[in-house]
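K.L.:
Just passing along the structure, written as structure tokens.
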Amino acid sequence: MLRYHLSAPWLLAHRATRIFAPKAHGFRILLFHDVPAENLTAFEFFLAYVKNAHGLITPDQAAAWLAGAPPEGFDGRTPCLLSFDDGFHSNGEAVSGCLDRLGAKALFFVNSGLMDLSGENQRAAIAANIFDGRIKAKALAPHLRLMSWDDAARLKSSGHIIGAHGLTHRRLTKLGGADLEREIAVAGERIEACLGGPVDWYAYAFGDIGGISAEALKLISAKYRYCRSGVRGLNDANTGPFAVRADMIDLAAPESYRKLVLEGALDRRYADARARLDSLEY
Ligand SMILES: [Zn+2]
């Protein structure tokens, strides 16, 4: 990808333009998916960099910040909260080991209806729903499967937060009526039944601005306390609890590209999406 090839000079240019710019005080939510074994070393190295250069905050600290009480000790820095979408098996094992070593607490967004499937049925649903049919089940990486309810329970008992990512990872803007309600409310009810509740966080599937509507946000706000999107940008006390931003991190991208994300170089091109997200009335 061209933007990956250009990321090193782009990072230098971005840093040069930021020297005299006023520093915005906010936090980012980083969004990861599956972390395959071959990316685990790069993943842990990256998290250590984020912790040292920016700082890590917990889900509780992020919630307090959204309510107007930022944590102390991060002046002049943009700390990050870690989040993981889709509930892949790697999140429940290898990732949680890395987080333990760093002393980090994260948000894990799971698809409770897909976790109830097993074997080939689950692989077919991962291909059709999570990858939106762009890949056939047979072509999925062999290791790809979802965490079990025991994995999720272990994450929760380690102090991580389990949030809902829909019941079956459907695009909410393609659903209506009872289907929409089920995808939103039943997703959390199933987690509560298996792990205990309440479930405070929802992250809608696909995360883009085309994946959310006022109708869906009304249902989300009736059941949950926060909705995390996949729209890039900083969060602070002015960010609505149902318009929370997140920055997807591609572990296959060059390190300089991931630093561009961390340092906000991509924020401007998401300004329209953030404005639309903020304008949804729920
Ligand atoms: Zn997803």
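K.L.:
If you wrap a convex hull around the alpha carbons of the chain, what volume per residue comes out, as a whole number of Å³?
P.N.:
130 Å³
K.L.:
Now for a different question. Of LYS105/LYS136; LYS23/LYS105; LYS105/LYS259, which ones are farther than 30 Å apart at the Cα?
P.N.:
LYS105/LYS136
K.L.:
For segment 125-168, what is the Kirkwood estimate of the hydrodynamic radius, computed as the reciprocal of the mean inverse distance between distinct Cα atoms, to one decimal in Å?
P.N.:
Radius from the Kirkwood sum: 12.2 Å.
K.L.:
List the equivalent ellipsoid semi-axes of segment 58-150 in whole Å, largest first, each obtained as the square root of 5λ for an eigenvalue λ of the Cα gyration tensor.
P.N.:
For segment 58-150, the semi-axes come out at 33, 14, 12 Å.
K.L.:
A follow-up question, please. Could you grab the relative contact order for the chain? Cα pairs under 8 Å, six or more apart, rounded to a whole percent.
P.N.:
Once normalised by length, the contact order is 21 percent.
K.L.:
Right, something else. So the label point goes 7 Å from the Cα of ALA8 along Cα→C-beta, right? Which residues of segment 256-274 then have their backbone N under 13 Å from it?
P.N.:
Answer for segment 256-274: 256-257.
K.L.:
Next question. Taking the Cα centre of the chain as the origin, how large is its charge dipole in debye, to the nearest 20, when only Lys and Arg (+1) and Asp and Glu (-1) carry charge on their Cβ atoms?
P.N.:
The calculated dipole for the chain is roughly 660 debye.
K.L.:
Report the one residue of ILE162, PHE88, GLY207 whose Cα lies farthest in the direction of the positive end of the charge dipole of segment 56-215 (charges on C-beta: Lys and Arg +1, Asp and Glu -1; origin at the Cα centre).
P.N.:
PHE88
K.L.:
Remind me, relative contact order of segment 24-104 in percent, using alpha carbon pairs under 8 angstrom and six or more residues apart?
P.N.:
With pairs under 8 Å counted, the relative contact order is 50 percent.
K.L.:
List the relative contact order of segment 127-282 as a percent without decimals, with contacts defined as Cα pairs under 8 Å and 6+ residues apart.
P.N.:
17 percent
K.L.:
Aspartates and glutamates within cross-link reach of LYS156: Cα-Cα under 19 Å, excluding same-chain residues under 8 positions apart?
P.N.:
Cross-link targets: ASP34, ASP60, ASP85, ASP86, GLU93, ASP100, ASP116, GLU189, GLU192, ASP200.
K.L.:
Continuing with this model, one more query. Once amide H atoms are built 1.01 Å from N in the peptide plane, which residues 5 or more positions from MET147, or in another chain, come under 5 Å H to H?
P.N.:
It is PHE88, HIS89, by chain and number.
K.L.:
Based solely on its DSSP helices, what 222 nm [θ] is calculated for the chain when runs of n ≥ 4 H residues each add -39,500 (n - 2.57) and the sum is averaged over all residues, nearest 500 deg cm²/dmol?
P.N.:
My calculation for the chain gives -10000 deg cm²/dmol from helical runs alone.
K.L.:
Size of the dipole of segment 1-152 about the Cα centre, Lys and Arg at +1 and Asp and Glu at -1 on the beta carbon, nothing else charged, in debye to 20?
P.N.:
Here the size comes out at about 740 debye.
K.L.:
Also: Once whole DSSP H runs in the chain are found, which of them have Cα atoms spread over 27 Å or more along the helix axis and a mean Kyte-Doolittle score of at least 1.6?
P.N.:
In the chain, no H run is both long and hydrophobic enough.
None of the figures in this text is laboratory data; all of them are computed from the coordinates on show. All figures in this text were calculated on a predicted structure; none of them were measured in a lab. Glycine also receives a Cβ, built like all others from the backbone with ideal geometry; neighbour counts cover every protein chain displayed.
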